Every structure is written in C-alpha cells, then in structure tokens.
1. Can you tell me which aspartates and glutamates have their Cα less than 17 Å from the Cα of A:Lys112? Leave out same-chain residues fewer than eight positions away.
2. Can you give the FRET efficiency for A:Lys71 and B:Lys8, using 1/(1 + (r/R0)^6), R0 = 45 Å, r = Cβ-Cβ distance, to the nearest 0.05?
3. I'd like the distance between the alpha-carbon centres of segment D:52-79 and segment D:453-518, rounded to an integer number of Å.
4. What percent does the relative contact order of chain B come to when contacts are Cα pairs within less than 8 Å and at least six residues apart?
5. Any chance you could give the angle, 0 to 90 degrees and rounded to 10, that helix D:4-17 forms with the longest Cα principal axis of chain D?
6. Could you give the nm distance between label points at C:Gln41 and A:Asp134, where each point is 7 Å from its Cα heading toward the beta carbon?
7. Can you give the calculated 222 nm mean residue ellipticity of the protein assembly as shown, where each DSSP H run of n ≥ 4 adds -39,500 (n - 2.57) and the sum is split over every residue, rounded to the nearest 500 deg cm²/dmol?
8. Which value, in nm² and rounded to one decimal, describes the direction-averaged projected area of the C-alpha convex hull of segment D:550-612?
Amino acid sequence: MHAGFIFLAVIVGSVLFHIFTPWWWTDIASNWGAMDDTINLTFWIGGGVFILVCLFMVYCVFKFSYKEGRKVEYKPEDHKLEKILTIATTIGIIALLAPGLIVYKNYIDTPKNALHVEVNAWQWGWQYRLPGEDGILGTAQVAKISDDNPFGINLDDPNGKDDILIQSDELHLKTDKPVKILLRSLDVLHNFYVPQFRAKMDAIPGIISYYWFEPNKVGEYEVLCAEYCGVGHYGMRAIVIVDSEENYENWINEQETFSSLIAKQDNNKLKTTRIAKNNN
Amino acid sequence: MSDHTLDKLPGGYKGMAADMSSDQTAFKGVQWGKTMMWIFLLSDTFIFSCFLISYMKGRASTVVDWPNTSEVFSLHVGDVPVPLLLIAIMTFVLITSSGTMALAVKYGYERNRKMCAWLILATAIGGLTFVGMQAFEWSKLIHEGVRPWENPFGAKQFGSFFFMITGFHGTHVSIGVIFLFIFARKTFRGDFDTGKRGFFTTMKSDYVAIEILGLYWHFVDLVWVFIFAFFYLW
Amino acid sequence: MDETQNKAQGSTHKIGIYLWIWGLLFVLSFCSYMVDWFAFQGLLRWSLIVIFMLLKAGLIMAFFMHLFWERYALVNVLLWPMTAIACFIVLMAAEAQYTVFTRAFYFFVGG
Amino acid sequence: MPDEYNQKNTPLEAQSSETMSGSSGSTTDIDYVRPAEVPEQDLYHGHSFITKWVFCQDAKVIGIQYFLTAVFTGIVGLILSWLMRLQLGFPELVPFITAEHYYQFVTMHGMIMIVYFLTALFLGGFGNYLVPLMVGARDMVFPYVNMVSFWMFFIAVCVLMASFFVPGGPTGAGWTLYPPQAILPGSPGSGIGIILMLVSLSLFVIGFTMGGLNYLITILQARTRGMTLMRMPLTIWGIFTATALAMLAFPALLVSCIMMTLDKVLETSFFMPAIIQAGEVLDYGGGSPVLFQHLFWFFGHPEVYIVALPAFGIVSDLISVHARKNIFGYRMMVWAIVGIGALSFFVWAHHMYVSGMNPWFGFFFATTTLIIAVPTALKVYNWIITLFKANIRMNTVMLFCLGFIVTFVNGGITGIFLGNVAVDIPLSDTYFVIAHFHMVMGIAPLMVIMGAVYHWFPLVTGRMLNERLGKWHFWFTFLGAYSIYFPMHYLGFIGVPRRYFEMYDSPYVTSATGLNEFITVAALIVGISQFIFIYNIITSLKMGKPAGKNPWKANSLEWLTHEVPPTHGNWGENLPVVHRWPYDFNVPGAKEDYITQTTAPSEVLGAEVEKT
C-alpha cells in the first residue's frame, strides 16, 4: 500500500514542482512565439497523458494488490478497446504534429525583406559580416582566409567590396526587422543560439546553413554556442544587441567595409615599405 | 524434415504465412549455417550500401571535378588506350569464378567429390587472379600519383573512395580465396563425406558448408557488380 | 545435421540452367562495358548502367544463390530491409544536392 | 507422417480454439504436436576449468560473462557521471577536473553506457542467458562463434579502457564523435584516444555480429516443438527485434568508424571540408561532416531501440508474471515491437533538426517520428491495462516495473517534444535533451535491468535476493533518479546548453545554480545506493533463501528445466514440448493460478484457455 502512496506523491510532486518552479522560459524576444505555443500545447497534452497514465497505475496498485484468491480477469485481447486507443492516440499525435509542421514551414521560409547577416564561427569565437549598400554578401571561401582577408572574401566578386566586416563578437540588430542568419564555420561545428530568440542552427564547415528570426525587443542578449566544438565550447559566448532603428544606423555607419580594410592594409604596406626603404 | 515434405508445403505468400506461424523453424528446410550466412550477408549488404551511399554523397557534393573514370582506368594496348580494359577483365574473371562456384555447389550435393573439389579449386584460382589484378591496378594508380589523401586528376575524394571501397571488397575476396583453398583441400580429403569434426568448432563437416561458402562467394561477385556500375561506369 | 536434410537441399538443378545464367551474365557484363565503350552520356547512360546492374544482380541472387528456389519466408526477410537502404539513398541524394547547391552558391556564384 | 504439415495445423487449432471441455476428441489428439524437424544439437562439453568457465561454449556462462563485463564498464560509467556532476554542481571543488577532463568524462560516460553497458547487457547478457532457455533450445546454434563473440567484446572493452592511459587520454569529442572536432586538436584526446575509440567500436561491431547471428538463428530456426513465433515470451520478441536492428544498424557505425579512422590516420577527406584552424589551412577539403551525422544516426536511432525493445519485452513478462494476469493484447504488443523496430530505420535525422541538413527533411522525419509514438503509446496502455483487475504482487520486481512505467511515460512524452521539429528547435542541445534521453533510455531500461535481475537471480543462482534490501534499493534508485532528471527538464526550458563545463555568469543561467547542486547530490545518492544492490547480490549468492523450482510460479520455459540452475544442454533427456503461450495466468476453471507452457491441454481440461 505504501508504495502506491509514494508513487502518488511522485506524481503530485511533479505537478507541484511545475506550478511553483522558478525555472521557466526566458522572456521571448523574437517572432517565434508560435514555437512557445506548440511547446505549451505539447506540454499540456503530454502532461495530461502522463498524469492520467500514472494515476491509473496508482489506482491499480491500490485496488488490485495481492490478495490470496482474488478473482482475476482473463481477457487476452479486447479489439474494441485496442481500436479506440489506437485511434485516440493517432488523433492526439496528429494534433501535436500538424501545428509543429506549420511552424516549421515558417521557419525554413525566410521573408524576402530579411537582412542577411553572416556569422563566422571558429574555435572559439565569432565575427560577423553584413552586406553593404547593395544588400548582397560577396562570396567567400574558408581557404582564402588570411590576415589581410579575415573573412576569405573572393576578391574578384564585386558584391564583396562593400561588405561590412565586424571583427568583434558584438552584433547589433535592428528591432522588428527579420534577419536571416547565414552560418559559416571555419573549423568545426558550432551553433549560434540566443535562448530569447528560440531559434538555432548549427554552423557546419563546408556548407552554409541558415535560419531566420525577427528580434522584437530592444536589449542585450547573450549568444551561446550550442553545438559541442572542443575544449573551449563553454566559453564561446557573444553578444547580440537589438537596437532601435536610429541606434542601429549609428552603429552600422561606424563599421568598416571590406574595401576600406583593403585600402588601409595597402596603406600600411606602403608605409612599411617606405620605412624599410628609409632604413636602408 | 524430408525433401518429400518440403515439396508438399504450400508455396508463395500462403506458404510464407504458414511458415511464419509454424513452430520450430521459420525458414523450412534451411539449415542453421545457411541461415546464418544469409543474415550475415544481409548485414554485409548494409555495410557495402553505406559505403556506396557515402560515395554517392561525397561525389555528388564535391564542387571539384570528378576524374573521368574511363580515362583513369584505361590501359594501353600498343599505343591505343582502351577504357576500363583491366576492369572488364576483372569482371569477367569474377563472373567466371562465380559460375564455377555454382557448379561446385551442385556437384557437392550430388556427392561428386572430385568434380566438386576441382571446381572449388578453379574458383579459388579465379579469385586469386582477381586479387592479383586488383593489386596491379592499385600499384598503377599509386604510380600515377593517386593517394587516399590526394588525387592529381581532380577531387580528393576520388582516391579516398577508390582505395577504401575496392580495398574493402578486395579484403572480402581475399578472405573468400583463403576459405576456398581450405575447402578445396577438405573436399579432396573427403571431410564432407566422412563428417570429420572441425578443428575449432568440433562440429561435423557437411556438404552444406560448400553451399554456404558459395553464397559468400556469389555475394562478393554481387558487390562487384554494384561497384563496377557505380564506381567505374558512372 | 542428418542425411535427410542434405537431401532436401540435394534436389539439385540441371546443369543447363547454370550454364545459361553464366552465359547471360557474360552477355550483360559485356553490354554494360559497351555502355562505356560507346561513351553514352546522360540519362541513357544512367538507365543502361542501372538496368544491366540490376539484371546481373538479380540473376546472381536468384539462380546462383538459389533465392529463386527458396521459400518466400526467407526471400521476404532478406529483401524487405532494403527499403531502409532505398530511403537512405533517396535522402542522401537530396542531401548531396542541397550541399552542392550551398557550396556553389555561397562559395563561388553568389548574388 | 506422410503429410505432416497439413495435419499440423488442424490439431493445433482444434486443441486451442475450442475451450477444452473434453468433448472435442480423444486426449491424444488434442495434445498432438508436430514431430521434430531438426535433429538434436551436437554440443561440446568442456571438461577443464578453461573450457568450462573461460573459453566456455555454454550460452548461459557466456551470458554471465557478458553481464559481469558490462556491469564493470557500467560502474566505470557511473563514476565518470559522478565526476561530471561534481563539476556541474560544485565547480572547482575537485581541482583535477579541468575542461579537458570534463569533456573526456562526458564522452566516455555516454559511449560506455549506451554501447558497452546497455547494449551488451541486454543482448549479450540477458540474450545469451534467456534465448536458448525461453525458446526451448539446448544452446545457441553456434556455440563456438558465441564464445568468440564474447571475447571480441572483451577485447573491445580492453581497448576502450586502454584509452584512459594513453598520452592525451581518451577522446573528448562527445559520444556522437562528430567530425571535424573529433579528430582535430581542439578536442581532448584527438590523437590516440579517438583512434582507440574507433577501433574499439569496430571490434565491438564485429563481436556483436557474431553474437547477433546466434540470437537470431536460435530464435528463428531452433525453437522447440510447439513453440510458434506467436507463443514466444515478449522478452524473446524484444531481444529478437533488437538484435535484428543491431545487425542492420551496426554496419552504418562500422562504416563511419572506418571512414573516420582513415580521415584521422591517412588524412583522407570523407568528412573533412576545407578547414582553417589556429590560422593554418589544413590539408583537408571537399568532405561533408553532415554525412557522418547521417551515418551515425542511421545507426544511432535504431541503437536507441536496441536498448529499449529488450526492456519493453522483459518488462512485459515481469508485469504479467507478478500481476498474475496475462499480458493484455499480446499480439498488438508483438506487432508494436516489430513496427517500432521497422520504423526506427526511417526516423534517424530527427537527431539532426538543427544540424544544417537539407531543411526539407524536417517534415519527413517529424512525421515518421511521431508515427512511432503510436505503437509506443499502445505498449504503455497495454502495460497498465494488464495491471487492471489483476492480482499484483507488490514485490521488488513489480516495484521496478512500476518505476519503469513512470519514467518511461515521462521520457516518452518528452520525446514527443523533441520529435516534433518546431518544438525541437528551441530545446535541442539543451539540458531538456539530456533529461529526456536519460529518463527514457537510461533510467527506464535500468529499472528493467534491475527488476530482471531480481526476477531471474533465483534461476541463475538458485537463491533469492533479499527482498528488504531490494525495496530500499528500489526507492533510493527510483526517487533519486526521478529527482535528478525531472527537474533537469526545466534547466532545458531556461535554455541551458548541454556539454558546458561551466555556466559562469550568464545572467539567466546563474539562477539554476541551486538546482544543479541539488541534482548533483541526488546523483551521488543514487550512485551510492547501487552498492546496496551489489551487496545484496554478493551476500545472497551464499546466504540467500534457496529458491527451489519456479519460485515465481511463472509459465515460460526457463523455469521448467530439470535442474535449477539449469546445466549445460539446458534440458534433460528430452526437449520440452510447448502447448500454449506463456501468459496463461488465472485461467477460469484451472486449478492453479498459472498453467505452464508445457502443460498439455489434456491436463487442464476444465480450463477455458483462449487460442494462442
């Protein structure tokens, strides 16, 4: 008997834990409220099933514990019951799956007006590349990366010249403007994950993966790497700052473009050669 | 179960339903060893399928050009390059050995010891020839600069997949050849007629063993059919 | 295993059938070699290669490996798992296409 | 018999479909079972100590060897989990746990528990011991190969353990061993450690293939007279399907191991694209890391069911025996096991929703994954319906079964979260995933293993385990494990990523410190309480109450051997003859509350048994 009470206590305890837990979602800061809704739907249906199944089990424990000579039902099969359970479960599963698929369809279809942001991940840090005036990112290859060309942009691609390079782990985004995050990894797997935005995707070397979201709350958010990437994985953090339109423009105007970087480097080279000459 | 009974069992899917719902055995009249070889081959099929699927994925997703196989694997007869000549010969050799193996199994069941043994030996020699030609092909490619990690003709993965897949298949052939020689000796000695006990397993020898080895050998041939089609011809 | 069991397998087949299959395999191999010899390209090459390959594989399995004479229980158990492989092939083909697309687009073409 | 086959079916049906009122013909007729198709098995009896206990060909001894080796690796895994939890709960308390070591512990804990502990224990341990006994065979069909299988496994374990002592230590790439990081210097143990891991896995696959062929063919081709597939205990169905999955899934693991070994040793580029590490362009190029993930999960998902299906099977039998009631919906249970097994080859990429694979795959895999939920849910219903109107013995075995139901339902439902692609996106790679799979394929199968040990210990040793200690063991394990993993889901809700050595100063994560400390304490208690179990086993070996024959009054064949514990060859002169399914408990009209599988219909004429 006491076993039944303990199992009951476990179930009640689980429910109470859920009600009083201080640990719950971070406040959402993107358009993916639909994901939270599907989770909540799954949570209520699933939680309900869990409680029902466990309560039924506890009931059986209380009611049918061993007694010498108890009359036991002998019914190997009950087709009607089995059919009802199959159909009910199937309906439940469809009810869970369908909204999920709809949200997912949304997730993989990026809006046309989304701002493209390329996230470069390496062991263990981040940098970003934004398209310039033309709104198009230049093509780039990992193998072309060097000190002079930190993003490996193809020099013969005109689209790349005005790309804005952010060689720091702080990224600014405009509020209420969809962003398509293009993920590029220089070495191993990484994942650009901001819990408040809900969305995430791995960065894989060798291909470009993407996802999109629309930040809708001004503030500062921590980026966590969510795919194990070696010893420094846990320290691979960054910052996303969601700005109002005005602040965003101010920030972006301060950033360096690829052509200005090249110009600066040429300048530096010129200077070094000149110094070298003078020294001789 | 006697052959007489086997013939009387219902066939087709009705027979399958009956077999599956019967007691003792699910595959009527199939010996344990033979069932084991079949299931093992099924598992091995998955291994080769995974190799070939990886090859497909690797080849289809590389942006570097894949070398033209009929040029890479051509042989010069006089001054004329003949595409895939060696591979064609290897294919014919392997099919020949598969045919001799099939006949060996047949003569084994007919208790024609001599004929069976000679055919197994012929199969073994065919297999050995195949391995020899494969070694020649490897050394030719290595001579031309193809390595598992690099390939002067194009995509790196060409060399990697070539050496891995043909190497894995070649290992299968080599193991088969070793067993074929052992079995040829056993057959000549008459182990399968006397039911001599095995050295390791202490189980009695039986002519079924030749069919089991035959299954393995045909499987090796079968895999080559796929490798020939996908790796060399594609 | 006892005598009777061997005889069950011992119901051997006429030598003619093996020789026929053997001959067919040679012909098919020759045909698939000819596909390369005549340097067919594109879909034609593809379909010819695959057809000859499947025919050869089918003949070997059915006759040399005796699957044609085995009971359906064994045949089905052996062939159904191939659906998993088929699924794997189809999905990996789609995956490869996606990979090569992102590579070509973001590394070379752009726009 | 000129035409045995046609005659075979009729008497069987007659015997079982009609409720044995005694009027349906003479007794000899209703007891008819087809004569043997396969001759008696030729067995090698060992005489020396070495052939009897070391290189032994008796499946029962091999099963115990597998069991003990697996338990040894399991204890190593347990200790590793303690070290991890210590770091997470009380960072910097133990100075030698550096980030490198932490990741090595994570990796080895995962790999050991999934492959070397659970798989080997269920299939190698329980499979070897129970399969020949439960289907009524004298031994596995290839005893020699079976013996080699164990020793291959043993070598694989040795190679795995050796990697702890090589320079650089064992691999720290995460149990999924994803390239490129697994073989690049950024991960600990990316030198010899990863190579040994890959070699060990390959050896495991080879050894397991030998064993797996044995289990499959024993079940398919060496059942005793009267044992149809639909009369096999669900334990056997679970082990059978799991082994079939293993035979088809391990090839993908073997292939990925071979390819990664080549990438590491020969610098091929199967999984390695162009990479620039620490400012240096590596020699790789053109490979595809996602391919590895596909191959790995093509193995990995069936692997989940390789662990789960034997647990499903065994728990069904335990519940039925100790609830003194037939398992509800036996046929549906069988089809559910087979269906789950078959479907498990079509769902693998639900582990890869955020891996950057072709995004359209999400639809396919979310759908197939949630389809699997249907047969799984039906199994749960059938377990609890079996308890309804039963006569439940509340002993340790049953407690573990109930514990299994609670944890499995909990973990199964969180599985629906993760299988549904849109729900998975925020939750994947967080502690929610950790909590989910530990609940569903860690704790739930462990509950079954422990229940099974309490259940079959009397068979193996002839003595009962101590019931009082058993109950303490259960409550510590169940309550402790539940309080580890239930709250852990909420860490995932916050968004705490998995595989973090330290959570330091993330504003919203620091709120979870208290929870992490609590989980660590619970984990330590659960771990320590396993020593109650070990103590119980060791003392009961010598001092346990003698069990006698069939102490649980079970129906299945393993309890019906001539000698208890069964000896080599299992049965005396004659093999048992089976007349019914193993779940005839409390049949109306029968004198006792159970009818063993070997009881002939003529012996229980009054009982209204249903057709099986």
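Laboratory data are not the source of any read-out in this text; all were calculated from the coordinates shown. None of these values were measured; they are calculated from a predicted model. Methodologically, a virtual Cβ is constructed for each residue, glycine included, from the backbone with ideal geometry; neighbour enumeration extends over all protein chains shown.
1. Straight-distance partners of A:Lys112: A:Glu133, A:Asp134, A:Asp176, A:Glu214.
2. 0.45
3. Segment D:52-79 and segment D:453-518 have Cα centres separated by 25 Å.
4. Here the relative contact order equals 23 percent.
5. 90 degrees
6. The modelled label-to-label distance comes out at 3.2 nm.
7. It lands at -19500 deg cm²/dmol.
8. Taking a quarter of the hull surface, the average projection is 4.5 nm².
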